[in-house]
């Protein structure tokens, strides 16, 4: 849940707050969860709604580096230049992902970063199978368009 909130554009502390608020709301409204077997989907829907609400209230979301501090360089590992290039690429991908429409970004994050299947995304988001597939397709297309300049730069080198 924390990773989802982060990938939806919220910094560490805000992502933690959203996850915690999700659990609090779930606890307060436990009686509204009709099917105990679908608890995780119901809980995720609460988080998803909180992320949407928080995103709508925030005019600008903070970003966090995808670089892991404290990384120890080994002699046979990547060079500092390679690490810097990887970090630039990750930052570019993250920035491009932030420009993808929210419903498409949500589908991409759930599929490619969280590892959910189309069926699971259907259950989590409440969208139909065809809507999920369309969001994924349009999201990939939008991400590809945003990243095209980056990859043309790389191929020119």
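The set of residues in segment 68-84 being in a helix (DSSP H, G or I) and either at pLDDT 85 or above or loosely packed, with under 14 Cβ neighbours inside 10 Å (or both) consists of 80, 81, 82, 84.
In segment 125-144, the residues that are within 11 Å of residue 110 (Cβ to Cβ) form Cβ pairs under 6 Å with partners that are at pLDDT below 95 and outside any helix (DSSP H, G or I), at six or more places apart or across chains, as follows: 139/100.
Residues of segment 28-40 that are surrounded by 14 or more Cβ atoms within 10 Å (Cβ to Cβ) and modelled with pLDDT of 85 or more: none at all.
Yes/no matrix, rows are residues, columns are (1) over 17 Å from the mean Cα position of the chain (by Cα); (2) within 30 Å of residue 42 (Cβ to Cβ); (3) surrounded by 14 or more Cβ atoms within 10 Å (Cβ to Cβ):
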residue	(1), (2), (3)
92	no, no, yes
125	no, yes, yes
129	yes, yes, no
138	no, yes, yes
144	no, no, no
149	yes, no, no
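The values are calculated or read from the model by the stated rules, or taken from the named source; none is laboratory data. Just so you know, these numbers come straight off a predicted model, no measurement behind them. Note: ideal-geometry Cβ built from the backbone for every residue, glycine included; neighbour counts use all protein chains shown.
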